[in-house]
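First, the structure itself, so that you have it in front of you.
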Amino acid sequence: MRAIIQRVKRASVSINGDLKAEIDKGLLVLLAVSPEDTDKDLKYMADKIIGLRIFNDEEDKMNLSLQDIGGEIMVISQFTLYGDVRKGKRPSFIASAKGDFAEEYYLKFLELIREKGFDVKCGEFGADMQVELINDGPVTIQIDSSKLY
């Protein structure tokens, strides 16, 4: 699994011009699933993302997690995170999981976040979505469950 995590002041997702979900201060997570992902990857990503200490404490140091600040979370499916542009100029998405498997793992990820006590907001798997955000900092973190980076 791969994720781009952005610390936001607010974020929203719309589909066909209709607001689907919005959050205030918290995390916007763009999440991609690979065909090799397992439940171990799911748990790693959920624990890592919720535990990320990327919010400032009283000394202005990034030392607080989403739970520490009582923040909100939005998760958007984003298969293009596995886009490979090493050859040519058109991305290849062969490393991204196909529909049913990707959706299953995306939904499992949302459930893990809910089990951790968060009212996770989300888009709609496979939909053409418009995501708006105000990145706070800006702070943007990449995570890969295979620990490539």
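Given H placed on each backbone N at 1.01 Å, which residues far from Cys122 in sequence or on other chains put an amide H within less than 5 Å of it?
Amide H neighbours of Cys122, under 5 Å, 5+ apart: Val75.
Kirkwood-based Rg over Rh for the chain (C-alpha set), two decimals? Could the numbers behind the result be given before it?
Values: Rg = 15.1 Å, Rh = 15.7 Å.
A ratio of 0.96.
List the residues of the range 41-59 whose backbone N lies under 14 Å from a point placed 7 Å from the Cα of Lys147 along the Cα-to-Cβ direction.
The answer is 41, 44-45, 48.
Considering just Cα atoms, how many Å³ per residue does the convex hull of the range 63-146 enclose?
On the way: hull volume 12.9 nm³, N = 84.
Taking the convex hull of the Cα positions in the range 63-146, it is 154 Å³ per residue.
Based on the Cβ-Cβ distance of Thr80 and Glu58, what FRET efficiency does E = 1/(1 + (r/R0)^6) give at R0 = 35 Å, to the nearest 0.05? Intermediate results must be reported in sequence, preceding the final value.
Values: r = 38 Å, r/R0 = 1.09.
Approximately 0.40, to the nearest 0.05.
Give me the extension gain from Asp128 to Lys87: residue separation times 0.36 nm, minus the current Cα-Cα distance, reported in nm with one decimal. Spell out each step's value before the answer.
Details: separation 41, 0.36 × 41 = 14.76 nm, distance 2.62 nm.
In short, 12.1 nm is gained.
Once the range 55-107 is represented by equal point scatterers at the alpha-carbon sites, with solvent omitted, what log10 I(q)/I(0) does the Debye formula produce at q = 0.14, 0.28, 0.31 Å⁻¹?
For the range 55-107, the Cα-only Debye profile gives -0.64, -1.04, -1.16.
Along Cα→Cβ, 7 Å out, is where each label goes; now give me the distance between the ones at Thr140 and Asp68 in nm to one decimal.
Reported label-point gap for Thr140 and Asp68 is 2.4 nm.
Could you give the angle, 0 to 90 degrees to the nearest 10, between helix 39-51's Cα long axis and the longest principal axis of the Cα atoms of the chain?
30
Separation between the Arg10 and Lys108 pseudo-spin-labels, each 7 Å from Cα along Cα→Cβ, expressed in nm?
Modelled inter-label distance: 3.6 nm.
Values in this text are rule-based calculations from the coordinates and carry no lab data. Small disclaimer: the values here were computed from a predicted structure and weren't measured. Note that we place each Cβ from the backbone using ideal geometry, even for glycine, and neighbour counts take in every protein chain shown.
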